[in-house]
């Protein structure tokens, strides 16, 4: 059975359309994999910043002393300690602000976002955080300030026992 030129053209068009559909499906799968990798990388980077901060507090006795003293009674800090305390809290909150934004945009897994932002609740109601926030809260975005201020309003005063 001999085929006409038109029949061959129709067959070529069908094969071409199938190839286009196949390539679109392949690109879609690649984008999905890339999105998963980006989310994993974002979660890792967000947690590393906070892990580094926690490690510094946990392994540096002087920093831990200044931090705990500042959280419970910031007026007892010397000028140098007050500066160290402000920078320490500011560093942690910059990392939390990053977590907030990648969480809100959906890049960070929602469970990871909730777990990481929940740790703010343990500190925002301490005297030291209030002292810090009065001085430096304006350095953050309005959205992040709104989150922190909402947590302050809804959490019992005093903070985590470790700060007392």
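Coordinate-derived values only; no laboratory data. On a predicted model such as this, the values are computed, not experimentally measured, just so you know. So basically every Cβ, Gly included, is an ideal-geometry build from the backbone, and we count neighbours across all protein chains shown.
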Hey, what did segment 37-163 get for relative contact order, percent, Cα under 8 Å, at least 6 apart?
29
Order of 99, 104, 66 under a 10 Å beta carbon neighbour criterion, fewest first
104, 66, 99
The exposure ranking of 133, 8, fewest beta-carbon neighbours within 10 Å first, is 8, 133
Rough spin-label spacing in nm, given labels placed 7 Å along Cα→Cβ, for residue 61 and residue 139:
2.9
So the FRET efficiency between residue 78 and residue 149, C-beta based with R0 = 25 Å and rounded to 0.05, is 0.30
Rg and Dmax of segment 37-163 over Cα atoms: what are they, in angstrom?
14.5, 47
On full extension of the chain, what length is gained from residue 4 through residue 45, given 0.36 nm per residue of separation minus the C-alpha to C-alpha distance?
8.6 nm
What's the extension gain from residue 157 to residue 110 if we count 0.36 nm per residue and subtract their Cα-Cα distance?
14.2 nm
From fewest to most C-beta neighbours within 10 Å, the residues 69, 114, 79 line up as 79, 114, 69
